[in-house]
Structures are given as structure tokens and as C-alpha cells.
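Each remark here refers to the structure printed beneath this line.
What follows is calculated from the coordinates using simple rules that are stated; it is not laboratory data. The structure displayed is predicted, hence computed values, not measured ones. No Cβ is skipped: glycine too gets one built from the backbone with ideal geometry, and neighbour counts run over all protein chains shown.
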Ligand code: CS2
Ligand code: MG
């Protein structure tokens, strides 16, 4: 790149091919186009506005080659730092600029990050079932697709819907308004919240979950044998004491990781969990900066950091988190659900191929139409992903097709305890 190109446009594309995605498109005077994912599930339009109203005007006329300077300008220059909306916006710009740098130099982004340190990236996918036999069927189906690592979630006896369990559409976790499979209505008839259209409300019972989870995961381990990597996500729902007890109860299951045992806003509580169990812990999908990872990494309170390439400020910032984590032998296992777009997944894979302490990538997959809107060079084969060798991120967005799927308001579900109070989810 000559260093003389300039950004002439920064446009936000919102599309909902089954679920909402927000995408940033940066165009340069030399005609290069860079794509960045800006999707923040359930709060999509806040990021779209942040980009359109506050960031796009600042990008016009800037040198697209100056990725780090633009990152610093948007992060430090805004005064109001951090937070998911800001950092997703910064991340989208960062991804688009790396994409442009790759296209300008004719190199896939992973080459610009130092080149491949591995041949392919191990990934894990999701399997869920309303009860254990159905979960085992779902796990088997994913093994047949070649997956070597599977996250197992199941319904809990006595509860209706449980977040993370969706048998009919494996590429989707529940979205609001999504009706549970017949026979799994909430026992007390709760549906959407009391104030009109809004999030689906679910009942949560920690004691019932804690009675069920060890049995459920032991059954999966017995069914699959010792080799399959098994993961489980607690979705932030436990107290430190409960988390420690669950960790101990799961030690014989030999999990690859137990995820988000507590909300982790108060990171000191993880010391208690760590003292009582050796179960590997993964945390960080809701973190946005290296600062939120600092205590967990430097005190070695986690084994895997889950920060996402979009929500944590892009490729540039995820690499900083990886570098800090490497010092403490903490590995990366980035967030990659179907609510981040194939643009973000591709970006994460470029980091994954070039980062020594990258352990595993979450990969739920997408509905077929999503692959048509976001055409990508990355590919899945035999339990592994590869970013491909196209210049840049290797993504092209079909804008005409995207325009056929207008935004649809959507929320993540909300969980209440049996007494009606809101629980962490
Ligand atoms: C989940 C996510 O993939 C995961 O580990 O925790 O599905 C998360 O709940 C959603 O991305 C929220 O948008
Ligand atoms: Mg999770």
C-alpha cells in the first residue's frame, strides 16, 4: 500500500437473514472495500447509530493503512472508553481496515499477523436436547459431522425452556418470540414479559440445575468415551460457592472447559472457585477490553479467555489480549456463536491461525441463507476451520441480497427465579 489512499465512505449495512447482523463497509479512494462485523445481539441499532452518527464522519479522509492509529484515535479520543457498544464499533472499524490492508497487499490477514503457526484451527460446536437421550442423539449427530469438541447443554427436569437448548435449529440459540418445542412450555404458563412484545421470559431454578448437570454431563462422557472434548456453559448463573461445588462434582467428567460459572464482574470471587476445583474455566465472552481480562489472566484464575474479535475491539485488541494471556499460559477460545456474522468468524480465524496460544474456536454454524449473504473463504472440515487464502479477511457481502432481509427487533431471553426475581443469565 502506498500510504496515499484515503477512506471515502463508511456505510452501515443492517440485514436480518433469520437473525440480525450489522456490518460496516469502508470504501477507499482507490476502490478497495473492507468489511467489519458490528453485530451486538439484541442491541444492534445502538452500534449502528454509534458507527453512523459518531464514527463514520471521523473516518472520511483518513489513511486506511493506519490501523493502529485509528484504533487509538477511536478508543482514547472518545473519552468514554470501553463498553460493548463502543468496543464493537471500534472492532468493526479495525476488522474493515485489516481487510483493506490485506486486499491492498494481496495477502490474507493471517500472513500480515506473522503467518500461520498451525495448519488448521480446532473448533467446537453445540449440541443440546430437552432430555439426556435427546442430547446424546444431538452429540452423536455432531460427531458424525466430524466435530472433535462439543458443548453439551440440556433441559432441566421441572423447568420449561432453558437458554442454550434448541433442538430444532442447531445454528440458533433461542431468540425472543421463539416458541419452545411443543411440550416444553413454561410450567406456569409464562411467556413473553408483561409489558408487551419483548424478551421471552424463562424460569430458572439453580438447585434443580445443580442436581441435574453433573448427572447429565457424566452420561455424555460415558456415552462418548474419553477422547471427545466436552464443554459446558453455565451462562453466568452461579454464586462462587455453587460454582466451586459444581466444578468439584464435574472433575471426573474431564471437561475441556466449564464456561461462565459466575457473572465475573467481581473477579476476586473466582479465587474461591479456583481454590476448590481443578476443572478448567473459560470466561470472557462479554468482556470488551484487556483490562477486564487482566486479573483473571495474571492471577491464573482461568484457563481460557473467551473474548470475541468484534466485541473486544477487533483483531488489534484481541492480539493484545492474546499476548497478555500467553505470558500466563492462558489460551484463547473465542466466542463464535451464530449471533456474530461470518465476517467476525473469519477475522477470528485469521487471529487463530497466527496466534500460538489460540486453543479453539466456537463454531455454531449458520443457516444456509447467511452463507449466501456473507460469502466467505473460510471453511470447515473434519472438526477444524481455516480462514482461507483470499486477500484480506476473505469475505464478500452480497448487498442486494442483504437488502431483502430488513431488520427485525429481537431480544435475548430473560430468566427469573421461581419467586419472580431476575437472575443472572
Ligand atoms: C453463548 C452465546 O456461545 C456462547 O457461549 O454464551 O450464545 C451467548 O449467549 C450469545 O452470544 C449472546 O448473544
Ligand atoms: Mg457462552
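Just a few scattered comments:
- Largest GNM mean-square fluctuation among 224, 47, 330, using the chain with Cα springs under 10 Å: 224.
- The peptide list 318-328, 405-415, put in order of mean Cβ contacts within 10 Å with the highest first, becomes 318-328, 405-415.
- Spin-label pair residue 211/residue 320, simplified geometry with 7 Å Cα→Cβ offset, distance in nm: 4.8 nm
- Expressed in Å, the radius of gyration and Dmax of the Cα atoms of the chain are 21.0, 65.
- Chain lengthening between residue 382 and residue 118 when straightened (0.36 nm per residue, less Cα-Cα): 93.5 nm
- Shown is the FRET efficiency for residue 6 and residue 294, computed with R0 = 56 Å from the Cβ-Cβ distance and rounded to the nearest 0.05: 0.95.
- As a proxy for reagent exposure, 145, 43 were ordered by neighbouring Cβ count within 10 angstrom, fewest first; the result is 145, 43.
- Alpha-carbon centroids, segment 324-353 and segment 396-425: separation in whole Å: 22 Å
- Helix 342-354 axis, angle to the chain major axis (alpha carbon atoms, nearest 10°): 90 degrees
- Over the chain: helical MRE at 222 nm, DSSP H runs n ≥ 4 each giving -39500 (n - 2.57), nearest 500: -10000 deg cm²/dmol
- Among 154, 128, the ranking by other beta carbons within 10 Å of each residue's beta carbon, starting with the fewest, stands as 128, 154.
- Modelled spin labels at residue 422 and residue 46, positioned 7 Å past Cα toward Cβ, are 1.2 nm from each other.
- Relative exposure of 379, 316, judged by other C-beta atoms within 10 Å (fewest first): 379, 316
- Potential lengthening of the chain between residue 58 and residue 367 amounts to 107.7 nm, from the contour at 0.36 nm per residue minus the alpha-carbon distance.
- Alpha carbon centroid spacing (whole Å) that separates segment 8-37 from segment 205-246: 40 Å
- Normalised by the number of residues in segment 1-105, the average gap of Cα pairs under 8 Å and 6 or more apart makes the relative contact order 34 percent.
- Helix 132-144 axis, angle to the chain major axis (alpha carbon atoms, nearest 10°): 40 degrees
- For the chain, the longest principal axis of the Cα atoms and the long axis of helix 84-105 meet at an angle of about 50 degrees.
- Pairwise label distance in nanometres, residue 398 with residue 145, each label 7 Å out on the Cα-Cβ vector: 2.0 nm
- Rel. contact order, % - alpha carbon contacts under 8 angstrom, at least six apart, segment 121-389: 18 percent
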